[in-house]
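Quick notes on the structure that follows.
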């Protein structure tokens with residue numbers, strides 16, 4: 001059970017023991033789990049749910065391989081590639097932001113999170129463009145099984161992107177503070193990990209939906 | 001005014017109503033009425049109607065058993081909400097939980113009742129009518145995910161923002177609640193599909209949310225009982241009992 005009384009630390013101490021003689025602490029590297037332990041229940045659990053969805057995809061793809069292969073040619077890989085680029089870039093910004101928060105470089109952190117949010121907006125815009133383009137060309141979710149799963153999977157993922165952007169906004173507010181408590185910094189790390197999870201899910205989706213033939 | 005002494009009997013009774021609800025649900029809906037595995041949304045009206053006609057008594061009895069347990073959503077949810085209440089100065093998350101719970105009780109009850117209605121005179125009404133009532137029950141069971149999701153998010157946020165200084169639950173329970181809340185969301189997809197994993201008998205729309213939710217009831221029962229015991233110990237150690245001892 002974690003009780004984290006707020007303490008105004010200038011630089012958040014590494015997770016692990018706060019007690020112990022200084023010399024021993026410097027030598028002993030305590031393992032650090034980013035964020036608090038509990039957030040990994042959520043992240044790994046959400047990944048498990050998506051793994052189930054990937055399994056569903058593979059199952060239905062296995063039943064109609066020709067249909068899936070043909071339909072896959074109808075989607076524009078450029079949309080997917082741009083989205084992959086945007087999310088990977090945004091994750092890079094988020095990593096930068098977390099390091100900047102740890103080093104108390106507030107301006108850098110805010111700018112980095114801002115850019116990550118811009119990437120997120122770009123991702124969603126690209127998604128909307130792609131979806132409307134597909135629907136306009138008769139490849140909507142009701143066209144066939146490939147497109148049905150395409151829209152459901154990318155839709156559920158887009159929902160996670162929206163949640164992630166909400167979390168990034170919260171991180172933006174936190175990054176404005178001159179110093180963060182241990183609990184607040186754990187939230188920053190945990191929120192960043194959530195965003196990385198969203199990114200990871202997309203990379204797998206991109207491979208499954210757009211590339212795997 | 002002195003605070004009232006802690007009475008954990010009612011707390012424990014309410015906590016145990018969670019497993020009672022699960023047992024009544026499974027005995028009623030699964031063992032007796034045979035609603036799980038669910039009928040397919042793509043089944044013909046004739047097939048659905050004949051299922052209700054052939055299993056009328058079992059369905060009626062199972063539904064009665066199931067709805068008996070639905071009121072325990074109120075007691076079980078309250079057993080959780082009291083801890084949120086203790087951690088809030090202005091109990092907005094507590095109120096959220098209680099209001100969502102109000103809906104949950106009604107929803108759970110109506111789900112059973114509508115299926116019971118379908119089994120009331122299945123020989124006398126058109127097959128289509130029976131199928132619509134059957135569908136109605138599944139909508140009540142699955143499409144009603146939002147209050148459940150908000151309920152669980154309120155529980156999780158209550159743990160994260162607990163200001164009591166002695167949080168009732170470990171932090172991972174909050175994230176567990178967020179996870180379950182998320183996994184209930186796909187149940188809403190059942191409105192679009194009559195077959196496959198997103199139909200009301202589907203893997204993602206039915207099995208995953210249902211399994212996750214009923215497991216959640218059991219996990220939260222355990223955590224609430226632990227919280228009650230911890231609270232008993234905390235209160236006991238704070239109160240001096242008998243002659244004061246000099247602390248060295």
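Write down Rg/Rh for region B:130-248, rounded to two decimals, with Rg from the C-alpha atoms and Rh from the Kirkwood relation over Cα pairs. List each step's numbers first, then the result.
Details: Rg = 20.8 Å, Rh = 16.9 Å.
Value, to two decimals: 1.23.
Multiplying the residue separation of residue A:108 and residue A:59 by 0.36 nm and removing their Cα-Cα distance gives an extension gain of 13.1 nm.
So if I take the centroid of the Cα atoms in region B:1-37 and the same for region B:169-185, what is the distance between those two points in Å? Taking the Cα centre of each part, region B:1-37 and region B:169-185 sit 20 Å apart. Here region A:54-84 is scanned for amide nitrogen atoms under 14 Å from the site 7 Å beyond the Cα of residue A:135 along Cα-to-Cβ, giving none. Both numbers refer to the Cα atoms of region B:103-163; Rg and Dmax are 16.7, 59 Å.
Could you list the square roots of 5 times each eigenvalue of the Cα gyration tensor of region B:70-140, that is, the equivalent ellipsoid semi-axes, sorted largest first and rounded to whole Å? Intermediate results must be reported in sequence, preceding the final value.
Values: eigenvalues 275, 20, 6 Å².
Over the Cα atoms of region B:70-140, the semi-axes work out to 37, 10, 6 Å.
Peptides A:187-195, B:20-28, ordered by how many other C-beta atoms sit within 10 Å of their residues on average, highest first, read A:187-195, B:20-28. Against chain B, whose longest principal axis is taken from its Cα atoms, helix B:45-54 shows a tilt of about 70°.
What FRET efficiency do you get for residue B:215 and residue B:161 if R0 is 25 Å and r is their Cβ-Cβ distance, rounded to the nearest 0.05? Walk me through the numbers on the way to the answer.
On the way: r = 25 Å, r/R0 = 1.00.
According to the calculation, E is roughly 0.50.
Spin-label model, residue A:204 to residue A:159: label points 7 Å out along the Cα-to-beta-carbon direction sit 1.7 nm apart.
Counting every pair of alpha carbons in chain A, the share spaced more than 25 Å apart comes to 47 percent. Figure legend: label point modelled 7 angstrom from the Cα of residue A:118 along Cα→Cβ; residues of region A:63-93 with amide N under 15 Å from it are A:86-87, A:89-93. Once both labels are positioned 7 Å from their Cα atoms along Cα-to-Cβ, the gap between residue B:50 and residue A:67 label points is 2.7 nm. Here the scattering of the protein assembly as shown is modelled by Debye summation over its C-alpha atoms, one equal scatterer each and no solvent; at q = 0.07, 0.11 Å⁻¹ the log10 of I(q)/I(0) is -0.46, -1.03.
From the alpha carbon centroid of region A:93-123 to that of region A:149-184 is 12 Å. Take each peptide in A:174-180, A:154-160, count the other Cβ atoms within 10 Å of every residue, and average; sorted highest first, the result is A:154-160, A:174-180.
None of the figures in this text is laboratory data; all of them are computed from the coordinates on show. What you are looking at is a predicted structure, and each value in this text was computed from that prediction instead of being measured. Neighbour counts run over all protein chains shown; Cβ positions are idealised from the backbone, glycine included.
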